[in-house]
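Comments concern the structure below.
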Amino acid sequence: MGTRDRSKLFALRHRTGLAVWVLALILLGTPLVVNNPYNLGILNLIGLYVIVVLGLNLFIGYAGQISLGHAAFFGLGAYGSAVLTGTYGFPAWPAMALTAAALALIALALGVPILRLSGHYLAMATLGFNYVVHSIFVQWDRVTGGPSGLSGIPPLTFFGFAFDSDLKFHYLVWTFALAALTLCLNLVRSGVGRGLAALAQDEVAAATLGVNVRRAKVQVFVLSAVLASVAGSLYAHYFGYVNPHAFSIFKSLDLVIMVVVGGMGSIWGTLFGVAFITILPHVLEFFETYMDIIQGVILVVILLFLPQGFVTGLVDLVRTGLARRRLAAETAKRAPTG
């Protein structure tokens, strides 16, 4: 086997890792091109939402469940870090870890009973959870600051180095986002991921094949909650301010739309879905009043024509087209000539 063949084989075997490294190199040099603080801030916001939506896509796209309440975990992560660091003076990193651990327990306690439900019953249960949490943010003003929110949240520091600017935070948030991306890519290619894929297709068949359906659902639900918690903590320390509006039911719907647009069950598609939905309001500022209508129309169009999501649907169309061309070429070769 020649050097060229070995290189091709190595690239084929490690294409996922190489793709992550290429993305990391692109993000490393992005601030040199995007030197506008406003645009860099949008890119940082995309990184935050990528962490949340990766976990949500595991739950929706791979476990085949539906959650309309993931903004609650996002908000609990933000408020947890905000209260612990801003009010009680906890160090930021232990506060983030403590908040994530607490949310893992909350997700476990919540997931065991509600994941007995399915379909629109599960959707309504998670929606109700989001409503309760949002109401606590608004009403418990002694702790959460009420509708006005909490301010004065310190930035994250590492050995005296403060991530107190858009540029510094860019490298921090995308380090977390790439770590979450790598985790999810490895998970879906493992035996656990294959079990989740079987679960999304048919729970009875998955159980027959030896998949512990209830445990798999709860595990991915807890993982998605922890990812949302970490993103929420990063959000709080980045902006230095949190308020209930950022974690409402409508934010949960936005997160689901990001999953659907990027492609349910497509980890790489998540990046596109998050970027598209995050950038869209800034591109169409003139139509800000009609943004909810525009997002709704986009969602309906994608569900009608590319039900697996834009990226997944586009890849399927390309593969189908290539397969048809190969079939046509083979048929032409086998056809008798003149």
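The values are calculated or read from the model by the stated rules, or taken from the named source; none is laboratory data. Please read these numbers as outputs of a predicted model, since none were measured by experiment. With ideal geometry, Cβ positions are generated from the backbone for all residues, glycine too; neighbour counts draw on all protein chains shown.
Summary table below
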item: Residue within segment 44-51 that is closer than 14 Å to ALA231 by Cβ and either of a type in the set (Gly, Ala, Ser) or over 15 Å from the mean Cα position of the chain (by Cα) (or both) present; result: yes
item: Residue satisfying all of: in segment 163-176; modelled with pLDDT of 90 or more and in contact with a Pro (Cβ under 7 Å, 6 or more places away or on another chain); farthest from ASN36 (Cα to Cα) among these; result: PHE163
item: Among (1) under 17 Å from the mean Cα position of the chain (by Cα); (2) surrounded by fewer than 24 Cβ atoms within 10 Å (Cβ to Cβ); (3) within 22 Å of PHE247 (Cβ to Cβ), the one test that THR87 misses; result: (1)
item: Subset tally (residues that are surrounded by fewer than 24 Cβ atoms within 10 Å (Cβ to Cβ) and either of a type in the set (Asp, Glu) or under 15 Å from ILE66 (Cα atoms) (or both)) for segment 220-233; result: 2
item: Count of residues meeting criterion [farther than 18 Å from ASP254 by Cβ, assigned to a helix (DSSP H, G or I) and either among the polar types (S, T, N, Q) or at pLDDT 90 or above (or both)] in segment 28-45; result: 3
item: Residue list for segment 14-37, filter: of a type outside the set (A, V, I, L, M, F, W, C) and under 22 Å from the mean Cα position of the chain (by Cα); result: ARG15, THR16, GLY17, THR30
item: Residue that is modelled with pLDDT under 95 and either in a helix (DSSP H, G or I) or over 16 Å from ASP254 (Cα atoms) (or both), where the choices are LEU58, LEU68, LEU48; result: LEU58
item: Answer residue from segment 88-101, given it is in a helix (DSSP H, G or I) and free of Cβ contacts under 8 Å to residues at least 60 places away in the same chain and is nearest to VAL226 (Cα to Cα) among those; result: ALA101
item: Helices (runs of 4 or more DSSP H) contained entirely in segment 111-219, each with at least 1 residues that are surrounded by 18 or more Cβ atoms within 10 Å (Cβ to Cβ) and touching a Gly at 6+ places or on another chain (Cβ under 9 Å); result: 119-139, 166-188, 191-201, 203-208
